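Q: Sending over a structure as structure tokens; questions will come in a sec.
The values are calculated or read from the model by the stated rules, or taken from the named source; none is laboratory data. Note that the structure is predicted; figures quoted are calculated from it, not measured. Every residue, glycine among them, receives a Cβ derived from its backbone with ideal geometry; neighbour counts consider all protein chains shown. With ligands, DNA and RNA removed, areas are computed over all heavy atoms of the protein, side chains included. Shrake-Rupley method; radii C 1.70, N 1.55, O 1.52, S 1.80 Å.
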Amino acid sequence: MEIKNDLQIKSFAEYKKVYKQSTENPEEFWNQVAEKFTWKKRWDNTLAYDFNKPEVSWFSGGKLNITENCLDRHLKTQPNRNAIIWEPNNPNEESRHITYRQLYVKVCQFANVLKNNGIKKGDRVCLYMPMIPELVVAMLACARIGAIHSVVFAGFSSTALSSRINDSSSKLLITANEYYRGTKAIPLKEICDEALKNYNTIEKVIVYRRTINEVSMQKNRDVYWFDELQKVDLEAPAETMDAEDPLFILYTSGSTGKPKGMVHTTGGYMVGTTYSFQNVFQPEPEDRYWCTADIGWITGHSYIVYGPLLAGVTSVMFEGVPSYPDYGRFWEIIEKFKITHFYTAPTAIRSLAKQPLSHIEKHNLNSLKVLGSVGEPINEEAWHWFNDNIGKSHCPIVDTWWQTETGSIMISPLAGITSTRPCFASLPLPGVQPALLDENGKEIIFNGQKAEGSLAIKAPWPAMARTVWNDHQRYKDVYFSAYPGMYFTGDGAYRDATGNYRITGRVDDVVIVSGHNLGTAPIENAINEHEKVAESAIVGYPHEVKGNALYAYVILFNPDDASDELRQEIKQEITRTIGAIAKPDKIQFVKELPKTRSGKIMRRILRKIASKDVSNLGDTSTLLNGNIIDDIIQNTI
Ligand code: 6R9
């Protein structure tokens, strides 16, 4: 366990000292962290970067395989510790305990299956799977042989899946026949078949049988996971990877157009996720850490799979939902496995806070030591509810701010070390240099005064995404053009007089619904697909449980077509092209949309109207058609 104790900061004074060192001499700081890992060859150059190109490389010349750090390394010290504890959707089904040794064997074996199916270093493999240990096995097996995994959230539609398959030109698709989430059966293989109907790059499909039900299998293309295992050895050498070789692609919605395939590389991601995991959560060897995210999101990648396994901690994984069989499910799991660290999202907290406390009172939550929140700003009420009823006021809450693009947690308290305060993500982790920018793009230097502005990051950190797959220009345009020489986060932030950050929300056209980032453009495109729709605009408005919900303004070719039936059709179109999470709660048919003279829809005004906050609509003088606003307000839903 040498890695754990060496990496954890243990006092606030130490944090301040280390933070200062990390900004004064980042290379020396990250060298010391990187030295704690197993490398096949040491790196030549710690950091090279140019944010104008933009180009970033960490630990270049270093050779390694991340799975030797997640698995082989722990075989010497703790082969029998559980790597994964898995809890199924249905509480009557058996949970599974998988030790580091067992996980190592499964990963090696499946790495051989991948090879047997023609996968080589650098190939892309798409994983469209439920929350089962085999998803972790498949990810690590890819990493073992140097293939690039692209996990697609199993809640996405066949259209969303096929666009991600083709964008990454994945050769192999790994899925399950079907699975259950709550009372719903999800026919995953059927969705895959739909996604593969048209042109696609997939040559083979490996199907894990999560249930006993038969599904259709296409000859020469589809094979069963279990059958493939019978054909291979248990040993698989770890491919030698360059520190900057891609480890995975993960798609995130953008404010315009198609999703961006964020590319994360091997060495920096390993160092960054481990360091942040160790310091934010402060785990001890015997702990049982549970993150409720789905592995289809970055939180699952970094803090269910890589961070905890690299740190040698037991990571608990749950297949189901907080409401099934009842709203006591999370608390039951905490009691069952004596969970010490519970990392979840504000939207889950808010929905659980609406339920009677009796669900909680039935369970012993005394094992809990640290609580975490991620995905969107946690409002004060939810923070207090979480603190009082779950943490019983003795568990620090780490409100962790970060992004798919950042790869690792950027701004967060360190559990038990940084003092916490509702709504505040607090202070940057060592190695992270945030900046607040005013409307002219000028940095508001910290001088003991409160300030508010756009949040940017001034210098590279190891786990940052290196590019957008096949579209480096877009990487530059989205993240490095707003404020030349800095990484732009898309978020706004407030900084108090002590230098603590509070994230205030997106400043671009991304709406966060139940913790999921949804770009408004793809949803509008889906609505516009309907033959009766001329144009549409999507905005977010505050929602008690989801944080934000979607409000759609839709112009019809023929206003007489407006009906509830049409609203349903529009929702279906969205479910089909993106997924049910992108369905608007409200659809208002309008004659026109407020537009600027340059033709840009004024979403700022629509957001206010949808939020029923019309007292001050701000400057509407730039509008081409300001006269339509009253009409929109009068017909607000
Ligand atoms: C990890 C993750 C990123 C966006 C981010 C911000 C919001 C995440 C937050 C938070 C306030 C927090 N966000 N954590 N806002 N406080 N603790 O969620 O990645 O899905 O890419 O979303 O989520 O707006 O820019 P991702």
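Q: Protein chains only, probe 1.4 Å: how do W297, W58 rank by accessible area, largest first? Walk me through the numbers before you get to the answer.
A: Details: W297 60, W58 0 Å².
Descending order: W297, W58.
Q: To make sure I understand the rule: partners must be aspartates and glutamates, Cα under 17 Å from the Cα of K450, and not fewer than 8 residues away in the same chain. Which ones qualify?
A: Partners within reach: D438, E439, D496.
Q: Take the Cα atoms of the range 527-605, build their convex hull, and give its volume per residue in Å³.
A: Details: hull volume 8.0 nm³, N = 79.
Hull volume normalised by residue count: 101 Å³.
Q: Using a Debye calculation, one point per C-alpha and no hydration shell, please list log10 I(q)/I(0) for the range 12-416 at q = 0.07 Å⁻¹ in order.
A: With one equal scatterer per Cα and no solvent, log10 I(q)/I(0) is -0.32.
Q: I'd like the accessible area for E94: 1.4 Å probe, protein heavy atoms, all chains in place, Å² to the nearest 10.
A: Ignoring ligands and nucleic acids, E94 comes out at about 150 Å².
Q: In this model, which of K36/K115; K40/K260; K76/K231; K583/K608; K17/K338 are farther than 26 Å apart at the alpha-carbon?
A: From K36/K115; K40/K260; K76/K231; K583/K608; K17/K338, over 26 Å: K36/K115; K40/K260; K76/K231; K17/K338.
Q: Here is a follow-up. Post the alpha-carbon centroid distance, the range 438-497 to the range 257-288, in whole angstrom.
A: Here the answer is 20 Å between Cα centres.
Q: Further, regarding this structure: When ligands, DNA and RNA are left out and all protein chains stay put, how many square angstrom of accessible area per residue does the chain have with a 1.4 Å probe?
A: Value for the chain: 39 Å² per residue.
Q: Under 20 Å from the Cα of K336, which lysines turn up, not counting those fewer than eight places away in the same chain?
A: Partners found: K362, K369, K392.
Q: Reachable aspartates and glutamates from K458, Cα under 12 Å, same-chain residues fewer than 8 places away excluded?
A: Counting by Cα, and skipping residues close in sequence, K458 has these aspartates and glutamates nearby: D50, E443.
Q: Moving to a separate point now. From the square roots a ≥ b ≥ c of the eigenvalues of the alpha-carbon gyration tensor of the range 93-134, which class results: rounded (a/c under 1.5), prolate (a/b over b/c), or oblate?
A: It comes out oblate by the Cα gyration axes.
Q: In deg cm²/dmol, rounded to 500, what helix-only [θ] at 222 nm does the chain give when every DSSP H run of at least 4 residues adds -39500 (n - 2.57) and the total is split over its residues?
A: Result for the chain, helices only: -8000 deg cm²/dmol.
Q: Using alpha carbon centroids, what distance separates the range 14-65 and the range 199-218, in Å?
A: Comparing the Cα centres of the range 14-65 and the range 199-218, I get a distance of 41 Å.
Q: Where the only charges are on Cβ atoms (+1 Lys, Arg; -1 Asp, Glu), what is the dipole of the chain about its Cα centre, to the nearest 20 debye?
A: That gives the chain a dipole magnitude of about 820 debye.
Q: At what distance in angstrom do the alpha carbon centres of the range 69-117 and the range 366-432 lie from each other?
A: Here the answer is 29 Å between Cα centres.
Q: Additional query: So which of K442/K595; K197/K532; K171/K219; K171/K258; K16/K63; K16/K53 end up more than 25 Å apart by C-alpha?
A: K442/K595; K197/K532; K16/K63; K16/K53
Q: Can I ask one more? If I ignore ligands, DNA and RNA and count only protein heavy atoms, how much of F589 is accessible to a 1.4 Å probe, in Å² to the nearest 10?
A: F589 has an accessible surface of roughly 40 Å² with all protein chains in place.
Q: Show E178, E28, E439 ordered by accessible area, largest first, where the area counts protein heavy atoms only and the probe is 1.4 Å. Let's see the in-between values first.
A: Numbers: E178 25, E28 105, E439 170 Å².
Most to least solvent-accessible, the answer reads E439, E28, E178.
Q: One-quarter of the Cα convex hull surface for the range 228-333, in nm²?
A: Computed as one quarter of the Cα hull surface, the answer is 10.9 nm².
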